[in-house]
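Right, one structure below, let's go through it.
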Amino acid sequence: MFILRTPAEMRAWSRSQRFATETIGFVPTMGALHGGHAELIRLSASENTQTVVSIFVNPAQFNVRSDFEKYPRTFEADIAIAQDAGATAIYAPTSDSMYPVGYRTYVEPGMAADPMEGEGRPGHFKGVATVVVKLVNAVQPHRAYFGRKDFQQLAVVNETVTALDMDVTIVGVPTVREPDGLALSSRNVRLSHQARAQAPVIYQALTAAREAYKQGERSRTKLESIARDVLQTAVDANVEYVTECNAVTLLSTDLASENSVMCIACWFDDVRLIDNIALS
Ligand code: PAF
């Protein structure tokens, strides 16, 4: 397993792989790897001859400093999970090599960044778009893999690589869930016992909206309130948003359509969970 620590080291490795006609798959992460990441790595390993996993807790995408500090850091375990799933290299850049003192160059994301997470977490997607461009520039992958759980992030990344004419194929990978429906997330380990027991309500709310859509309900406000009603059955759920939007434009219209996605952000104590589901 190769461990690369700077953009220059990473680029040199990738250049030699490309010279040897290897194909490079890339799975960007902030570490704290779980089964969802393993799925991305396995898919990459099945579609490419080399798979790079980046592990970098990106300070630029946290608008709350304490959230950045509390983010779980489990480097040794991450390497084992990545290797097991088929990764051939780890890119774990140092903070200094990513954001040296005085750093001030950022990518301004497009309209996909505006609603939902963009409203609640100002600057978050600017940090994500910036780090993804920097990571992709260093790794030089043929394909990069992102989970659909972070549906809006995937839309922002797609919009960014298109806008900046980047030579990489973005692959969206279906959400991996616990048997009770809770989407796998690095934040789940921070849920209290009581919150963990209630958190599957998010998926129940999403599936209730999807069921209503299947039964013919098209009103956005009705679909959103169906999901909200389910969330309210969990005493500790503190709902931030329940939003139906178009999968491509991320805009909400009065009537849901076959391209609609229902998105939820919900807090349990100080843990913020997000999830989404395609309605059709
Ligand atoms: O989804 C994540 O883990 C992060 O937002 C990403 C894409 C690795 C950028 O830091």
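What the table below lists for this structure:
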read-out	value
The stretch 108-130 residues that are assigned to a loop (DSSP other than H, G, I, E, B) and at pLDDT 95 or above, paired with ones that are within 11 Å of the ligand (Cβ to nearest atom) and aliphatic (A, V, I, L, M) (beta carbon under 7 Å, 6 or more apart)	109/129; 109/156
Of all residues making up the stretch 131-145, the number that are within 11 Å of the ligand (Cβ to nearest atom), closer than 13 Å to residue 27 by Cβ and surrounded by fewer than 24 Cβ atoms within 10 Å (Cβ to Cβ)	2
Selection status of residue 172, more than 13 Å from the ligand (Cβ to nearest atom) and in contact with a Phe, Trp or Tyr (Cβ under 7 Å, 6 or more places away or on another chain)	no
Selection count, the stretch 146-167, where residues are more than 10 Å from the ligand (Cβ to nearest atom) and in contact (Cβ under 8 Å) with a residue 24 or more places away in the chain	11
Total residues in the stretch 89-107, condition part of a loop (DSSP other than H, G, I, E, B) and either within 14 Å of the ligand (Cβ to nearest atom) or not aromatic (Phe, Trp, Tyr) (or both)	11
Every pair of residues 6+ apart whose Cβ atoms lie under 7 Å, when the first sits in the stretch 27-41 and is β-branched (Val, Ile, Thr) while the second is surrounded by fewer than 24 Cβ atoms within 10 Å (Cβ to Cβ)	29/55; 41/85; 41/86
Test: residue in the stretch 176-184 that is within 28 Å of residue 55 (Cα to Cα), within 14 Å of the ligand (Cβ to nearest atom), surrounded by 15 or more Cβ atoms within 10 Å (Cβ to Cβ) and of a type outside the set (Gly, Ala, Ser)	yes
Flag for residue 176 being among the aliphatic types (A, V, I, L, M) and closer than 26 Å to residue 232 by Cα	yes
Failed condition for residue 49, given (1) in contact (Cβ under 8 Å) with a residue 40 or more places away in the chain; (2) surrounded by fewer than 21 Cβ atoms within 10 Å (Cβ to Cβ); (3) farther than 30 Å from residue 191 by Cβ; (4) β-branched (Val, Ile, Thr)	(1)
Residues of the stretch 221-280 classified as small (Gly, Ala, Ser) and part of a strand (DSSP E or B), total	4
Counted residues, the stretch 185-206 - those being touching a strand residue (DSSP E or B) at 6+ places or on another chain (Cβ under 7 Å) and either in a helix (DSSP H, G or I) or surrounded by fewer than 19 Cβ atoms within 10 Å (Cβ to Cβ) (or both)	9
Number of the condition not met by residue 278 [criteria: (1) within 16 Å of the ligand (Cβ to nearest atom); (2) surrounded by 14 or more Cβ atoms within 10 Å (Cβ to Cβ)]	(1)
Members of the stretch 30-74 that are part of a helix (DSSP H, G or I), at pLDDT 95 or above and more than 15 Å from the ligand (Cβ to nearest atom)	42, 43, 45, 46, 47
Condition check for residue 7: modelled with pLDDT of 95 or more and surrounded by 15 or more Cβ atoms within 10 Å (Cβ to Cβ)	yes
Residue identified as over 20 Å from residue 168 (Cα atoms) and hydrophobic (A, V, I, L, M, F, W, C) among 82, 87	82
Matching option when the condition is assigned to a helix (DSSP H, G or I), charged (D, E, K, R), in contact with a helix residue (DSSP H, G or I) (Cβ under 7 Å, 6 or more places away or on another chain) and away from the ligand (no atom under 14 Å from the Cβ), among 15, 11	11
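The values are calculated or read from the model by the stated rules, or taken from the named source; none is laboratory data. Keep in mind it's a predicted model, so treat the numbers as computed, not measured. Using ideal geometry, Cβ is built from the backbone for each residue, glycine included, and neighbour counts are taken over all protein chains shown.
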